[in-house]
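The structure appears below as structure tokens.
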Amino acid sequence: MSDYLMPVKNGIHEVVIDKSRFICHVYRVWTVEEANTYIETIKKAHAKANHNCVAYQIGEANDIQRAFDDGEPTGTAGIPMLDVLKRQDIRNCLVIVTRYFGGIKLGAGGLIRAYGSTVSAGIQAVGLARRVPLVSVRLSCDYSLSEVLQSKIHGLGHGIGNVEYGEGVEIEALVETNQVDQFVSWVVVFTHNRVRSVIGEVSYREVPV
């Protein structure tokens, strides 16, 4: 599992290039079925547009990649759109660029630049988050250690997940995969072995870019 970028939210951004309107629709998607639903929605909403070109990367392992020119010359729309996602390693992302032709032909090179720059601008407008694989480390401690331990965990740059209060305190620390052993050793030293650590599952969490 590796970290990657993903849009913070769904969004729309429009640019005008040589009188043609290029509208970039950006979506967070997790499955091809979800992407297809968005694609059909945009095609219906913009049925009078000249083109609704598509590109997406889906999967935590980035195993599904698709690009569609929707009537533009082959390789001038979908591929440059997909290249933007690939260059930045933006996954689980669907981009649809709707074009309303303005009367000026751009040529192959102009189309490639227009579709690529429209997606870049759309992604920038929406914003990105980094999805990082983090290990859940459950720490069982006394109430007397809880606050200082959480403060130190934050100070080390790790996240805090769920905190449960009962007879003692259960703190979920969220630690990057390559730092787990070092973190557990630190807990032993810092608490003088007064805290029990249980290493749990790995899951993706989003952090601001």
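Computed values, structure above
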{"quantity": "Near pairs, Cβ below 9 angstrom, 6+ apart or cross-chain, from region 150-162 (within 16 Å of Thr177 (Cβ to Cβ)) to any residue that is aromatic (Phe, Trp, Tyr) and surrounded by 11 or more Cβ atoms within 10 Å (Cβ to Cβ)", "calculated": "Leu156/Phe183; Leu156/Trp186; His158/Phe183"}
{"quantity": "Residues of region 121-148 satisfying the condition of being among the hydroxyl-bearing types (Ser, Thr, Tyr), free of Cβ contacts under 8 Å to residues at least 60 places away in the same chain and crowded, with 16+ Cβ neighbours inside 10 Å", "calculated": "Ser140, Ser146"}
{"quantity": "Exclusive hit being small (Gly, Ala, Ser) and farther than 30 Å from Pro73 by Cβ, set Ser146, Ser117", "calculated": "Ser146"}
{"quantity": "Selection from region 33-60 of residues that are among the hydrophobic types (A, V, I, L, M, F, W, C) and loosely packed, with under 14 Cβ neighbours inside 10 Å", "calculated": "Ala45, Ala47"}
{"quantity": "Those residues of region 149-186 which are over 22 Å from Pro208 (Cβ atoms) and loosely packed, with under 14 Cβ neighbours inside 10 Å, in sequence order", "calculated": "Glu164, Tyr165, Gly166, Glu167, Asp181, Gln182, Ser185"}
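Rundown of residues vs (1) modelled with pLDDT under 95; (2) within 14 Å of Leu134 (Cα to Cα), yes/no style:
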{"site": "Glu164", "(1), (2)": "no, no"}
{"site": "Val169", "(1), (2)": "no, no"}
{"site": "Asn178", "(1), (2)": "yes, yes"}
{"site": "Ser185", "(1), (2)": "no, no"}
{"site": "Ile199", "(1), (2)": "no, yes"}
{"site": "Ser203", "(1), (2)": "yes, yes"}
{"site": "Pro208", "(1), (2)": "yes, no"}
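The values are calculated or read from the model by the stated rules, or taken from the named source; none is laboratory data. Please read all numbers here as calculations on a predicted model, not as lab measurements. Methodologically, a virtual Cβ is constructed for each residue, glycine included, from the backbone with ideal geometry; neighbour enumeration extends over all protein chains shown.
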